[in-house]
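We did not get these values from a lab; they are worked out from the coordinates using the rules stated. Treat the numbers as computed from the prediction; the structure is a model and nothing was measured. Quick reminder, even Gly has a Cβ in these numbers, built from the backbone with ideal geometry, and neighbours come from all protein chains shown.
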Amino acid sequence: MKKLFLLLSAAFLLTGCLSGIFKREALTVNYYQIEYPEIGKVCQDTFDLSLSFRRLQVNSAYDRSTLIYMNGDKSGGVYKYDEWLSSPDELIFSMLQRDLEDSGVFKSLTSRTAGVLPDYSLVGTLVEVYENRELLSRKAKAHVVMLFTLTRLERGSKSSRVVLQKRYTADGECTSEDPESYVQGVCASLREISENLNKDIYSAVKEEEERLKNN
């Protein structure tokens, strides 16, 4: 009888342990994509030029799929059950690439460095992307900071000329302190940055091509 009691006790304990494991595994993780409406064309006439745009560089602190928030006391954390669909730099790169293609500035766009040398090269860095809860009694902000360098490459030579180097910062408002609101804020921030970037690229390319034409 004593042996039977011990066996039944062990069975109940094992059932309880397995039940706890399955309950933990049943917790779902929500995954988020970065999407926003197209910025459209920024110029009427497309330059007969090509642009190389490679994968973004990224600050190691944000090279992860987790959604990050920061507090005013310099502490922070992550949403436990909410993540980006992939690392944020990959999601952002995809949207920026789409906007560069739609802007109408360049005739062709490539992410490859092999083959024919492109006319321009754009290098981007994701510096910061997090939910900023710093301002008390105010709504949180989706804080995004990016750095871009646009270079004019000279065919047949090793010389190059930086025509645009600029840091872009945007803080999209979060309607509430939850991951969905934060993601929407990131999308708004990124669209603002992309729109300003493409306008600046157009102005820089136009000025540089006129300079080369007059030399």
So what J values fall out for segment 167-175 if you push phi through Karplus, 6.51 cos²θ - 1.76 cosθ + 1.60 with θ = phi - 60°, rounded to Hz, Gly and Pro as x? 9, 10, 10, 9, 10, x, 6, 9, 6
For segment 82-91, in order, what is each residue's ³J(HN,Hα) by Karplus, 6.51 cos²θ - 1.76 cosθ + 1.60 with θ = phi - 60°, in whole Hz (x at glycine and Pro)? 9, 9, 5, 4, 8, 4, x, 5, 5, 5
Under 5 Å between amide hydrogens, which residues at least 5 positions from Glu173 or on another chain qualify, with H placed 1.01 Å from N in the peptide plane? Ala142
For Lys199 and Thr66 in the same chain, what is the full-extension length gain: residue separation times 0.36 nm, less their Cα-Cα distance, in nm? 44.8 nm
Rounded to the nearest 20 Debye, what is the dipole magnitude of segment 121-204 about its Cα centre when Lys and Arg each give +1 and Asp and Glu each give -1 at the C-beta? 660
So what's the net charge close to Ser94: Lys and Arg +1, Asp and Glu -1, counting the other residues with Cβ under 12 Å from its Cβ? -3
Most exposed first by the Cβ proxy, i.e. fewest other Cβ within 10 Å, how do Ser60, Ser103, Ser65 rank? Ser60, Ser65, Ser103
May I ask which of Lys74/Lys199; Lys41/Lys141; Lys41/Lys206 have a Cα-Cα span longer than 23 Å here? Lys74/Lys199; Lys41/Lys141
Burial-style ranking of 165-178, 185-198, 35-48, average other-beta-carbon count within 10 Å with highest first, yields 185-198, 165-178, 35-48
A correct fewest-to-most ranking of Lys80, Lys141 by other Cβ atoms within 10 Å would be Lys80, Lys141
